[in-house]
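J.: Following this message is one structure expressed as structure tokens.
The values are calculated or read from the model by the stated rules, or taken from the named source; none is laboratory data. Bear in mind that the values here come from a model prediction, so they are computed numbers and not experimental data. Ideal geometry is used to build each Cβ from the backbone, glycine not excepted, and the neighbour counts take in all protein chains shown.
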Amino acid sequence: MTRAGARMGARTGQPRVLLVEDEPAQRTVLAYNLEAEGFEVTQADNGEDALVLVDEEDPDIIILDWMMPKVSGIEVCRRLKMRPDTRGIPIIMLSARAEEVDRIRGLETGADDYVIKPYSVLELMARARAQLRRVRPSTAGVVLEHDDIRLDPESHRVYRSEKVLKLGPTEFKLLVTLMERPGRVFSREQLLDLVWGRDIYVDTRTVDVHVGRLRKSLMQYGGGDPVRTVRGAGYALG
């Protein structure tokens, strides 16, 4: 079980990829190219470690080899797609199995894309970016919208009913996190990890303070409170 890449941690920073490949040379090449594309890379060389790292790292996307020791990639994919908390993570399956029946099996197991070895690294990077745009649209500069709230990640501006809102940097990151997955309930610990980062100690009560500031900013020109408090669980947008 290995890790690579800068440990920025925050969702609004580098997107996270879990790279699961048992061939060291291929893993090194892929990790290098993924980091060059701006990903934070965590690596595993077997399926058993991959399942542990999914819970520890909460990746945005998984690049997963089919043939691996301990637990096969197809079994890792099956288990993750059965779990409500991980089924939404895009999985790109890598395999030397080029038969149509194998590709169909991989996709039916839940893989979001299937890449046959040997593959073009450039094409794989393009496919990874395409999957990332789907789950982390802000990283591609896509404007996020929820009801009357609009967030432009490139200009770093937030609008409500077409009025520009004033948000601090932490409140902006909080809003990006909530808007990328509207309806999902985030615990305070999850928000600390995603917004502040894992290497920074911050008391969980700090989350409450910044959520309060975010609410105040979102309602500075009127309108209801779009941030929902779920007692004993955390916060959600809508």
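J.: List every residue pair whose Cβ atoms sit under 9 Å apart, with the two residues 6 or more apart in sequence or on different chains, where the first one lies in segment 13-33 and is surrounded by fewer than 16 Cβ atoms within 10 Å (Cβ to Cβ) and the second, anywhere, is of a type in the set (Asp, Glu).
T.: These pairs meet every condition: Glu23/Asp45; Glu23/Asp65; Pro24/Asp45.
J.: Additional query: Answer yes if at least one residue in segment 152-167 is in a strand (DSSP E or B) and either outside the structural domain of Arg215 (by TED's automatic domain parsing) or among the acidic types (Asp, Glu) (or both), and no otherwise.
T.: Among the residues of segment 152-167, at least one is in a strand (DSSP E or B) and either outside the structural domain of Arg215 (by TED's automatic domain parsing) or among the acidic types (Asp, Glu) (or both), which makes the answer yes.
J.: Could you list, ordered by first residue, the pairs with Cβ atoms under 7 Å in which the first is in segment 213-234 and under 18 Å from Arg181 (Cβ atoms) and the second is of a type in the set (Lys, Arg), at least 6 apart or interchain?
T.: As it stands, the answer is Leu218/Arg160; Val227/Arg215; Gly234/Arg188, since those pairs meet every condition given.
J.: Quick check on segment 81-109: of everything there that is more than 16 Å from Val20 (Cα to Cα) and among the small types (Gly, Ala, Ser), which residue is surrounded by the most Cβ atoms within 10 Å (Cβ to Cβ)?
T.: Ranking the candidates gives Gly88 first.
J.: Based on this model, can you work out whether Ser138 counts as modelled with pLDDT under 95, in a helix (DSSP H, G or I) and of a type in the set (Ser, Thr, Tyr)?
T.: It is true that Ser138 is modelled with pLDDT under 95, in a helix (DSSP H, G or I) and of a type in the set (Ser, Thr, Tyr).
J.: Within segment 168-180, can one find any residue that is surrounded by fewer than 20 Cβ atoms within 10 Å (Cβ to Cβ), in a loop (DSSP other than H, G, I, E, B), of a type outside the set (A, V, I, L, M) and touching a residue at least 60 places away in the same chain (Cβ under 8 Å)?
T.: no
J.: Please go through segment 93-126 and pick out each residue that is in contact (Cβ under 8 Å) with a residue 12 or more places away in the chain, assigned to a helix (DSSP H, G or I) and either more than 27 Å from Arg83 (Cα to Cα) or outside the structural domain of Glu37 (by TED's automatic domain parsing) (or both).
T.: The one that is in contact (Cβ under 8 Å) with a residue 12 or more places away in the chain, assigned to a helix (DSSP H, G or I) and either more than 27 Å from Arg83 (Cα to Cα) or outside the structural domain of Glu37 (by TED's automatic domain parsing) (or both): Val121.
J.: Regarding segment 88-98, can at least one residue be identified that is touching a Leu at 6+ places or on another chain (Cβ under 6 Å) and either at pLDDT 90 or above or over 24 Å from Pro15 (Cα atoms) (or both)?
T.: For segment 88-98, residues touching a Leu at 6+ places or on another chain (Cβ under 6 Å) and either at pLDDT 90 or above or over 24 Å from Pro15 (Cα atoms) (or both): present.
J.: Which ranges mark the strands (runs of 3 or more DSSP E) fully within segment 9-90 that have 3 or more residues being within 18 Å of Arg136 (Cβ to Cβ), among the aliphatic types (A, V, I, L, M) and assigned by TED's automatic domain parsing to the domain that holds Ala128?
T.: The qualifying strands (runs of 3 or more DSSP E) are 16-20, 61-65.
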